Amino acid sequence: MELIITEKDNAARRIAEILSEGGASVERRNGVPVYRWGGKRCIGLSGHVVGVDFPPEYNDWRDVRPVELVDARVVKTETQENIVTALRSLAREADSAIIATDYDREGELIGKEAYDLVTDEGDIPIQRVRFSSITDREVTNAFANPEDLDFDLAASGEARQIIDLMWGAALTRFLSLSAKQLGNDFISVGRVQSPTLKLIVDREREIEAFDPEDYWELFADLAKTDEGDEPFESQYFFYDEDDNEQERVWNEADADAAFEQLRTASEARVESVNRRTRTDDPPAPFNTTQYIRAAGSIGYSAQRAMSIAEDLYTAGYITYPRTDNTVYPDDLDERDLLERFAEHARFGDDAQSLLERDDIEPTSGDKETTDHPPIHPTGEFPTDISDDEWDVYDLVVRRFFATCAEPAKWAHLKVVADASGCLLKANGKRLVEEGYHAVYPYHSTTENYVPAVEEGETLAVTDPRQEDKQTQPPRRRGQSRIIETMEQMGIGTKATRHGTLQKLYDRGYIENDPPRPTRLAMGVVEAAERFADLIVSEEMTAQLEQDMTAIADGEATLDEVTDESREILKRVFEDLHVSRDEVGDHLREALKADKLLGPCPDCGEDLLVRRSRYGSYFVGCDGYPDCEYTLPLPSSGEPMVLDEVCEDHGLNEVKMLAGRDTYTHGCPLCRAEEADDAEDRVIGACPDCGDDEGGELAIKTLRSGSRLVGCTRYPDCEYSLPLPRKGDIEVTDEFCDDHDLPELVVHNDGDDPWELGCPICNFAEYQERTAMRNIDDLDGVGAKTAEKLAAAGIESLDDLRSAEPDDVASEVQGVSADRIREWQSQAAT
DNA sequence: GCAAGGTC
């Protein structure tokens, strides 16, 4: 039997299909799909199935000095046991094996891991095939000409694993121990995350150091003197000593003088008219980064964009979403794919229009790689997918269309006019040939109207205006800009960059979108810059890349490279040990700054956001236990301290981060005082204890800012119904027939009043709505997956909660037990 | 419990 091993199940299935000419059947080993035909078996891994780690005796952070990790052995551990077991058992039956993992460096390493596992079970010949896309021609060709595994290339990947682990783990432990931050809130650093964080911190430093400057700009409207002609905007400018056009006037007196001149002018003479046409080329095919950027521009976070693309990929609608490639492979027949779309109700017209071109010569980007094609639709049409998935699918289809479309053409018109010595200019642009914009509405086609005028013509000047402005600090980069910059810096990979960003959020290093660094992040970067500069520099990756190339080329060995890295890290630790206390103090101070609200009203010490033993947040005094002052915070979300300070109490305001339900809580002391002042408003009898004990329902405001309808006998009776946090609640004269309670109306500034109605009915409806939440609302579950789960008997969140992950995984193709567990934890909340 | 890299 010949065993074929691929990097993922999806590739295994498609390769089996091609090589067996559709005759392969699927069976399961340990829950892992195995494709069989003739004397062949084909199994897909799940990326790395083994990982590097330190031996268990290094596990305790307090027992092991971090520097000891530098010389610690690094061992390989099996991380995907079911797949490893399946692979081993297949290997025992095989007479030969073929490694068909992705055609890139990490693929070579994953292949080497499979090689080692197969070799463990017996000595059989093992070969390697390489192909750039899973198409008939490429795959058949590759299997007809098998090669050998490139052990040097795999070793270069292993060197990276070892260096990343050693630096990351040793420095992470050192910083965490020095700041006494163990447990969940450890302080992490790494070769990729830390330069990324520095990138964000550096921009924040520029913003903080920015000193705005005043300047003035002047505008006026111009119009042809013919009647009915629309006026157009023009801007004042002058020539500096180098003869460059300048619009900004840096001195108020000069601006006033120019404005005075402009104000008195009623007409302007056209001095020059310049026309040119500009070609606007269609965009290149999507790689991961450009896809994330485009999805970002229609409102999707990087993480969400990748999650949706992943779903569309596993469902078979788009190609593999993790790719650096921006050149379509030779096998992709663009015309053929367009013809498929020509039949489609939604895309048919646009596809037809493209097919009318004689030659379809798609655009290409700068980078061509061997592992996967650029992201494009497969030609398989989705039927039952969510709105978000449609948004993204539409984007991917139209991007493919755009790459097959004609360039657009713009006509630019620049008019310069003289208004009694004041120079005015107007730049017009008009889209004269729509080109790719006709099929790709994601790029702006905003025109700027300037009419055709002649040199020497007289124009009317109206509405002169002077605007005082200030120079602006550089803008924070959005998520997709950060990912693009990481790509330019050469850090991270197409498959990890969005995850790295997510990690920075999860670790409390960045907040909001566009991301903004916390004080902790500033502290960590500062500490690293002073004592372990390499870990926050992009040079570390650049050097590593060079070393890896040397290993791959046989010019250096894995041991030489890792040993040299060990020596460098040891020297870093010499510095760190001397400054250990200083580093710890610095980090602790930064940690505190993120939680600091202001002075305690009781004792004047610092009030801080703290976390109780039960995991909930509250405001407590740094003087504890001498001072026991506390304030409650809302129970949902993660508190974030804002820059805004409450005028009454001098405390920073607090925002509660809870995804879509994020809201500003404001000053916690204001909220508490409001609750203390608020009268409970009785609205009826308590349904639980009204008859027996005489309990009444009242609208209450809690000190945490939340409001509810609750029993006046609380805490003896705990009956309660939720109310919205915001808005004035009006108690109307209308009563609910079923519950004999008044209907409530919530008034919010600006919005239409919300007729909440009877609070019991409202809560019942709310519960029904949340119960109706479906399986495909879970992150990473698309329509196709939901279908597969339903086929395995999992049709509701309840079914999912009670399911046995391993059983489900063995029944549902392409879904791991870990994935099920992740969904279960989502379904639990 | 540390990293980064696959895949889901």
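The values are calculated or read from the model by the stated rules, or taken from the named source; none is laboratory data. Since we're looking at a predicted model, the values are computed, not measured. Here the Cβ positions follow ideal geometry from the backbone for every residue, glycine too, while neighbour counts run over all protein chains shown.
So for the stretch A:130-144 (the condition being within 16 Å of DNA strand B (Cβ to nearest atom) and touching a Leu at 6+ places or on another chain (Cβ under 9 Å)), does at least one residue qualify?
Scanning the stretch A:130-144, I find at least one residue that is within 16 Å of DNA strand B (Cβ to nearest atom) and touching a Leu at 6+ places or on another chain (Cβ under 9 Å), so the answer is yes.
Among A:THR319, A:THR363, which is the only one that is within 31 Å of the chain's Cα centre (by Cα), within 23 Å of A:GLU106 (Cα to Cα) and touching a residue at least 12 places away in the same chain (Cβ under 8 Å)?
None of the others qualify; the one that does is A:THR319.
Which of (1) in a helix (DSSP H, G or I); (2) over 29 Å from the mean Cα position of the chain (by Cα); (3) surrounded by fewer than 21 Cβ atoms within 10 Å (Cβ to Cβ) is the odd one out, the single condition A:GLU217 does not satisfy?
(1)
Which ones in the stretch A:35-59 are of a type outside the set (Lys, Arg) and away from DNA strand B (no atom under 14 Å from the Cβ)?
A:TRP37, A:GLY38, A:GLY39
Restricting attention to the stretch A:21-59, and to residues there that are under 34 Å from the mean Cα position of the chain (by Cα) and of a type in the set (Ser, Thr, Tyr), which single residue is farthest from A:ALA114 (Cα to Cα)?
So, considering only residues that are under 34 Å from the mean Cα position of the chain (by Cα) and of a type in the set (Ser, Thr, Tyr), the one farthest from A:ALA114 (Cα to Cα) is A:TYR58.
Table: residues versus (1) of a type in the set (D, E, K, R); (2) at pLDDT 95 or above; (3) out of contact with any strand residue (DSSP E or B) (no Cβ under 8 Å at 6 or more places or on another chain).
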position	(1), (2), (3)
A:ILE5	no, yes, no
A:ARG14	yes, no, yes
A:GLY31	no, no, yes
A:TYR35	no, yes, no
A:GLY38	no, no, yes
A:CYS42	no, yes, no
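Are there any pairs, at least 6 apart or on different chains, whose C-beta atoms fall under 9 Å, with the first in the stretch A:568-583 and more than 13 Å from A:ASP533 (Cβ to Cβ) and the second surrounded by fewer than 14 Cβ atoms within 10 Å (Cβ to Cβ), and if so, which?
Matching pairs, first to second residue: A:LYS570/A:ASP71.
What are the pairs, 6+ residues apart or on separate chains, where a residue within the stretch A:206-222 that is within 27 Å of A:CYS422 (Cβ to Cβ) has its Cβ under 8 Å from a residue that is basic (Lys, Arg) and in a strand (DSSP E or B)?
Every condition considered, the pairs that remain are A:ASP214/A:LYS469; A:TYR215/A:LYS469; A:TRP216/A:LYS469; A:GLU217/A:LYS469; A:LEU218/A:ARG465; A:PHE219/A:ARG465; A:ALA220/A:ARG465.
Go through the stretch A:113-142 and give me each residue that's buried (at least 18 other Cβ atoms within 10 Å of the Cβ) and assigned to a helix (DSSP H, G or I).
A:GLU113, A:ALA114, A:TYR115, A:LEU117, A:VAL118, A:GLU138, A:VAL139, A:ALA142
Listed here are the residues, each with its yes/no results for (1) touching a helix residue (DSSP H, G or I) at 6+ places or on another chain (Cβ under 8 Å); (2) closer than 30 Å to A:ARG477 by Cα; (3) part of a helix (DSSP H, G or I); (4) among the aromatic types (Phe, Trp, Tyr).
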{"residue": "A:LYS198", "(1), (2), (3), (4)": "yes, yes, yes, no"}
{"residue": "A:GLU227", "(1), (2), (3), (4)": "no, no, no, no"}
{"residue": "A:ARG276", "(1), (2), (3), (4)": "no, no, no, no"}
{"residue": "A:ALA284", "(1), (2), (3), (4)": "yes, yes, no, no"}
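Just for the stretch A:60-82: of the residues that are within 31 Å of the chain's Cα centre (by Cα) and more than 9 Å from DNA strand B (Cβ to nearest atom), which one is nearest to A:MET166 (Cα to Cα)?
It comes out as A:LYS76.
Before we move on, is A:ARG707 of a type in the set (Lys, Arg), without any contact (Cβ under 8 Å) to a residue 40 or more places away in the chain and under 23 Å from A:CYS646 (Cβ atoms)?
So A:ARG707 passes the test.
Counting only residues that are touching a Pro at 6+ places or on another chain (Cβ under 8 Å) and either free of Cβ contacts under 8 Å to residues at least 12 places away in the same chain or among the acidic types (Asp, Glu) (or both), how many does the stretch A:710-729 have?
Selection size over the stretch A:710-729: 0.
Of everything in the stretch A:299-334 that's polar (S, T, N, Q) and farther than 22 Å from A:ARG481 by Cβ, which residue is nearest to DNA strand B (Cβ to nearest atom)?
A:THR314
Working carefully through the options A:HIS665, A:HIS739, find the one that is modelled with pLDDT of 85 or more and not in a strand (DSSP E or B).
A:HIS739
Any residue at all in the stretch A:49-67 that is at pLDDT 95 or above and under 30 Å from A:THR135 (Cα atoms)?
yes
Residues that are within 15 Å of DNA strand B (Cβ to nearest atom), surrounded by fewer than 15 Cβ atoms within 10 Å (Cβ to Cβ) and part of a helix (DSSP H, G or I): does the stretch A:465-488 have at least one?
Yes, the stretch A:465-488 contains a residue that is within 15 Å of DNA strand B (Cβ to nearest atom), surrounded by fewer than 15 Cβ atoms within 10 Å (Cβ to Cβ) and part of a helix (DSSP H, G or I).
When both residues are 6+ apart or on different chains and their Cβ atoms are under 6 Å apart, which pairs have a first residue that lies in the stretch A:278-305 and is surrounded by 19 or more Cβ atoms within 10 Å (Cβ to Cβ), and a second that is in a strand (DSSP E or B)?
Matching pairs, first to second residue: A:PHE286/A:ILE375; A:TYR291/A:ILE375.
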